[in-house]
Amino acid sequence: MRLGGRLAGAIEVLDDIETRRRPVADALKDWGLSHRFAGSGDRAAMGNIVYDALRMKLSHGWSLDDDSALTLGYAVMFRQWGFTPEALAAELDGDRFAPAPLPELRLKALADRHIEDAPLHVQGDIPEWAVSSFERNFGDNWLNEARALTARPSLDLRANTLKVDRDKVVKALERAGAEACRLAPQGVRVPAGKLSDRLPNVTAELSFAKGWFEVQDEGSQLVAGLLMAEGGEQILDYCAGGGGKTLALAATMHNKGQVHAYDADRKRLAPIIERLKRAGTRNVQVHDGLAALKPLAGKFDRVLIDAPCTGTGTWRRRPDTKWRLTEKNLGERVTQQHEVLEAATPFVRPGGYLAYVTCSLLPQENQEQVQNFLAVHPEFELRPSQGDFACLTGQTEIKPLDAGGTGITLSPATTDTDGFYFCLMQRRPS
């Protein structure tokens, strides 16, 4: 397919997402199943257009004075892919699969409007209701932080040191352009592609089947590392999900001690079994019910709570969720986080540590949640994390943001990772 057919297909998917309120991944998959003539390169290019459009949906719509699927598709070409209207018209000329031309009214708006004149939430491409939260979290730099969430993310991996070192993973993925991450000690990064470039399917690599690495954002690796788990300890990953942080902890501990992985959602937890086998992990116990954990109350050296959250820190990877998130959803997540904190706290032994983590950039879910927790749990005290971050990464130039004195915040703008909040608390010795 030429660019015209790819653009037309992306516009179809964008229209499907809008009219049927569907997740972007589902819409792209269904389009591919019903258009089997499209090759993998075509589908990847279409996906790039769709995701690019959704990351900057608000500013695209304002700049062209319309947010229809047709306009958004063309906006990507003009505002992100670097085409001028004249160059794009020449590129699409003679392509019978190209979409309908963009109305002249939209081209005039593009020429006449300047994004600096748009409302600030439009410039930042975030929902208007979220501006006050970003301001509280980032101060005068909130707009830069918001804009950083519109960029394409890299593909990050974690070398599994139970089997190989990071250099061996980088070498195995050399043809994919892999390089060592700057911050995560075992992180490997494949930079984001440009325009129609597609990221490699690393899970099809023989090295993946051998368990040499796992797909995991660098920020996720860092917050797992900041728990400072040591071999021989008893660790509880209370909201383990698919097990990414569980696997990272097990490797850090060199298969010594025990990591107990629990999640209330059995469906989310299910993939962990195969991942543990592939990784060669032997010190993990998986629990899909609390009954087996209850006798261990007050016994764990460290408890990690990767709390349910709005996922605002992952908006680069899941831009469709940005436009579905509401203040009501935020309130529901804050309530769930409070409940999880209360449920997991009893498992921390006296003198042990409690780590609270979210992939959110909203203070209601992060520092304010922790402040409320500490107000009713004087048996816990905050532990500083900036020094641990420098020790973990060996990096002093790149510093995560201080989160109101409660912990640290990672973000695309400051650490070039997904957005994460990390807070470490210690239970006072009895």
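The values are calculated or read from the model by the stated rules, or taken from the named source; none is laboratory data. Nothing here was measured: the structure is a model prediction, and the numbers come from that model. Methodologically, a virtual Cβ is constructed for each residue, glycine included, from the backbone with ideal geometry; neighbour enumeration extends over all protein chains shown.
Details
- 1 or more residues under 30 Å from TYR51 (Cα atoms): qualifying strands (runs of 3 or more DSSP E) within segment 294-396: 300-306, 348-358
- Considering segment 241-278, and only residues there that are within 16 Å of LEU304 (Cα to Cα) and of a type in the set (S, T, N, Q), the residue that is surrounded by the fewest Cβ atoms within 10 Å (Cβ to Cβ) turns out to be GLN258.
- Condition met for VAL170 (surrounded by fewer than 23 Cβ atoms within 10 Å (Cβ to Cβ) and touching a strand residue (DSSP E or B) at 6+ places or on another chain (Cβ under 7 Å)): yes
- Just one of the listed residues (ARG198, ARG182, ARG152, ARG136) is touching a helix residue (DSSP H, G or I) at 6+ places or on another chain (Cβ under 6 Å) and surrounded by fewer than 19 Cβ atoms within 10 Å (Cβ to Cβ), namely ARG198.
- Meets criteria (more than 16 Å from the chain's Cα centre (by Cα) and hydroxyl-bearing (Ser, Thr, Tyr)) for SER132: yes
- Segment 185-195, residues that are free of Cβ contacts under 8 Å to residues at least 60 places away in the same chain and buried (at least 17 other Cβ atoms within 10 Å of the Cβ): GLY187, VAL188, ARG189, VAL190
- One residue alone among LEU143, LEU162 is closer than 18 Å to PRO319 by Cβ and surrounded by fewer than 21 Cβ atoms within 10 Å (Cβ to Cβ), and that residue is LEU143.
- Which listed residue, of THR281, THR310, THR326, THR345, is surrounded by 19 or more Cβ atoms within 10 Å (Cβ to Cβ), within 29 Å of ARG152 (Cα to Cα) and at pLDDT 95 or above: THR310
- Hey, ARG302 without any contact (Cβ under 8 Å) to a residue 60 or more places away in the chain and either under 13 Å from LEU424 (Cα atoms) or surrounded by fewer than 18 Cβ atoms within 10 Å (Cβ to Cβ) (or both) or not: no
- Pick from segment 8-33, criterion farther than 16 Å from VAL76 by Cα and of a type in the set (A, V, I, L, M), ranking: modelled with the lowest pLDDT: LEU33
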